[in-house]
Every structure is written in C-alpha cells, then in structure tokens.
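Notes follow once the structure below has been shown.
The values are calculated or read from the model by the stated rules, or taken from the named source; none is laboratory data. As the structure is a prediction and not an experimental result, all values here were calculated from the model. Using ideal geometry, Cβ is built from the backbone for each residue, glycine included, and neighbour counts are taken over all protein chains shown. SASA here: full protein model, heavy atoms, side chains in, ligands and nucleic acids out. Shrake-Rupley method; radii C 1.70, N 1.55, O 1.52, S 1.80 Å.
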Amino acid sequence: MSRTSLRGLAVATATVGLFAGTINAVAAAQPDTEAAAAQYAPGMVAAMERDLDLSTAEAVAQIKAQEALAGTQRSLERSLGASSYAGAWVEGTDELHVAVTDAADAAAVQAAGATPVTVKNSLAALDTWTADLDGALAESDVTSYYVDVETNEIVIDVVRGAKADVAAAVAEAGVPASAVSLSTAAERPKTLINVVGGNAYYIGGSRCSVGFAATGGFVTAGHCGSRGATTSQPSGTFQVSSFPGNDYAYVNTGSDDTPVGAVNNYNGGTVNVSGSSAAAVGATVCRSGSTTGWHCGTIQALNATVNYSQGSVTGLIRTNVCAEPGDSGGSLLAGSQAQGMTSGGSGNCSSGGTTYFNPVGEALGAAGVSLVTR
C-alpha cells in the first residue's frame with residue numbers, strides 16, 4: 001500500500017522504556033506456563049502462538065504486560081486533558097508511546113513510565129476533523145479513513161487515480177491539508193456476511209456470528225439484520241440495528257436462552273469475558289468468528305471510517321486481524337476485555353487482511369443493556 005503525504009510531520013521524541021523487561025520478568029515469574037495460559041484460555045493463547053509466532057510463555061506475558069499498558073494509557077489520557085493528549089500506541093510488546101501537543105507535558109508522561117512524543121495536533125482536533133470529513137468523503141473514491149496516532153494525521157484510503165479529487169474534497173471540508181495523508185487502497189472493504197449455512201446464528205438464509213452476550217440476548221453487527229428481523233440458532237429478534245452510519249445490533253433471545261459471559265475459542269473451550277475496557281493502538285487483540293475461528297493481531301487505529309457499498313460507517317476499530325464472510329458480528333477481545341464486533345474488511349485468513357470492528361459499548365448503550373461477564 002503506497003502513501004502520498006500532504007505534509008511533513010515533525011515529531012520530537014524523548015525515549016524512555018515502559019516496564020523495561022516486562023515480558024521477560026512476567027515469563028520468569030510463571031513457573032507453570034500451562035497454568036498461566038489457562039488463565040487466559042488455551043484457545044486464545046494458541047491463536048497468538050500461531051498468528052504472532054510466540055511461545056506460550058511469551059503470549060501470556062504479552063497479555064499481562066499490555067493489560068498494564070492499557071491502565072497507564074487511560075490514566076494519562078485523563079490527566080493530560082483533551083488539549084494536549086494526542087493518542088497512544090504500543091511499540092514492540094512493552095513500550096507505550098504517548099503523544100502530547102504541549103512539550104511541558106513530556107515530563108508527566110515520562111514519570112508514568114511511557115515515552116513522550118511531541119506533536120502538532122491533539123487527538124480531539126483530529127477526531128473533530130475526521131467528523132468534518134464524514135459528509136465530504138462519502139463517495140466511492142474513498143474506501144476508509146481514520147486517525148493514525150503514530151503519525152499524528154488522518155489517513156484516507158482512496159482508489160487508484162482519485163487522490164486529486166479527494167484532496168480537493170478535504171480542502172472544501174475545511175480540514176487542514178497538513179493533517180491529512182492519502183493512501184492508495186489495495187482493494188475495497190466489504191461486509192463479511194455469508195449466505196452459506198454453518199453454525200453461529202442465522203437470519204433467513206444468511207449466517208453471522210454472535211458478538212457478546214448481553215442482558216436478554218447478544219450484540220452483533222447491524223448489517224446482519226434490520227430491526228424486527230428474526231434469527232434462529234438461537235431464536236431471537238433484532239430489537240436494535242444501526243447500519244450504515246454504525247454497524248451494531250442487539251438481538252433479544254427471550255427467556256429460553258441463557259446469555260453466558262464467554263466467547264467460543266474454537267479450541268474446544270471458551271474465553272471468559274470480564275469487562276469492556278478499551279485497548280490502545282498497538283495492543284494485541286484476538287477475534288472469534290464462525291467461519292475462521294480464532295485469529296489474532298494488533299489494533300492499528302481507533303475511530304476509523306469505512307465506506308462500504310451500502311454506505312459509510314464511522315467510529316470503527318481498525319486491525320490487521322484477518323476475517324472472512326460469516327465472521328460478521330463476531331467478538332474482538334483484548335485479553336478478557338470485550339472490544340467490538342466484526343464489521344467488515346479486506347483480504348482473508350490465507351493471505352492476511354484488514355478488519356474493522358464496531359466498539360461494543362455503542363451497541364450496549366443503544367440497546368440499554370449490559371455486557372454479561374463472568
């Protein structure tokens with residue numbers, strides 16, 4: 001994927017290690033590796049070993065280390081405030097970078113054990129400009145756009161030969177060209193619904209995947225069914241559905257089914273869901289879906305926008321985890337924390353790909369239900 005930058009980004013960094021040696025220290029502190037792996041569910045650890053080329057001890061240590069990083073990131077986001085905080089990302093396995101617009105805040109970032117990076121644009125500003133682009137970039141020439149916190153810019157994926165037109169649309173929307181980078185899309189993203197039969201749940205002749213158990217039912221992708229549509233295996237009704245714009249839904253399954261706070265690991269067991277704390281850019285995540293089972297990767301961006309043929313969807317989690325048709329609606333986890341439901345993407349699980357997820361909190365809030373945990 002090639003990229004034409006509309007600006008040169010000047011970034012001043014002060015390098016400091018976060019939790020230096022965390023991975024090795026955690027691994028050394030676990031004399032019984034198998035028992036440690038079982039804490040996070042063998043299916044998840046096995047998928048990380050396969051997709052990320054990790055040993056069992058390294059996979060367990062990485063989950064633990066990045067749980068700690070997520071806590072540091074959330075604390076700094078609150079203390080720095082919207083005017084200075086410009087996003088965060090994990091580099092390697094145990095180094096958290098936190099971007100700030102005020103160089104005076106670098107000391108606070110260092111004191112928390114993270115690496116400060118001084119940038120021009122706050123995350124709040126980038127998110128605002130991204131929202132300004134929602135109407136301007138709804139045409140088919142743009143396949144997706146998102147805030148890249150590592151380069152402190154909005155990356156817009158466009159079809160080949162359309163960069164000049166898109167640059168003009170960006171200018172017309174009033175978004176600074178210096179905050180935008182154009183990238184040529186390798187292929188158009190698509191929703192991952194599949195009309196071929198299988199397990200998971202069905203909507204007429206179509207198949208999708210359950211996202212997470214919620215009060216009285218489960219959350220999934222909105223493109224899987226409109227409000228009022230009925231499901232089988234389990235039987236239920238779409239009470240809330242939003243697509244495009246968003247891509248979430250809530251299916252009420254009634255009193256005959258018991259929602260369980262767990263996700264199928266496609267290794268003969270389940271992964272417990274203990275909450276829904278959002279992970280940072282760069283964090284390791286794993287996805288469960290009824291077509292391809294468990295696959296892992298990392299978060300590439302938050303608050304991404306994708307233009308499907310059916311319309312634009314905003315506020316998505318962009319990852320390099322693969323997915324295929326029928327995985328739609330399935331679960332994205334960071335450790336035991338629910339992140340989102342599979343929306344769509346490009347590529348496949350043979351050659352790799354990019355997959356987008358609708359944050360789980362939006363679906364829960366819209367339906368007025370709670371995540372089922374255990």
Which net charge results when you count Lys and Arg as +1 and Asp and Glu as -1 among the other residues whose beta-carbon is under 15 Å from that of D327? 0
Take S83 and E34, extend 7 Å from each Cα along the Cα→Cβ direction, and tell me the distance between the two endpoints in nm. 5.8
Between D53 and E172, what's the calculated FRET efficiency when r is the beta-carbon distance and R0 is 45 Å? Round to 0.05. 0.50
Under a crude label model (7 Å from the Cα following the beta-carbon direction), how far is Q310 from E91 in nanometres? 4.0
From the C-alpha gyration tensor of the chain, square roots of 5λ in Å: 31, 28, 18
Around S351: net Lys/Arg minus Asp/Glu count, Cβ-Cβ under 12 Å: -2
Label-point separation in nm, D257 to A131, each point 7 Å along Cα→Cβ: 3.5
What's the longest uninterrupted piece of the chain once you rule out the GluC sites (Glu not before Pro) that are loop residues per DSSP with at most 16 other Cβ within 10 Å? 188-374
Accessible area, probe 1.4 Å, largest first, for residues T72, T319, T230: T230, T72, T319
What residues qualify as long-range amide H neighbours of F212, i.e. H under 5 Å apart, gap of 5 or more or another chain, H built at 1.01 Å from N? V219
Whole Å is fine, so just give me how far the alpha carbon centre of the stretch 219-285 lies from that of the stretch 59-121. 30
Using R₀ = 35 Å, calculate the FRET efficiency as 1/(1 + (r/R₀)^6) where r is the Cβ-Cβ separation of D165 and D102; round to 0.05. 0.45
Over its Cα atoms, what ratio of radius of gyration to 2.2 N^0.38 Å does the stretch 227-312 give? 1.30
Over the chain, with every protein chain in place, what whole percent of the accessible area is carbon and sulfur at 1.4 Å, could you tell me? 49
Convex hull volume of the Cα atoms in the stretch 110-234, per residue, in Å³? 192
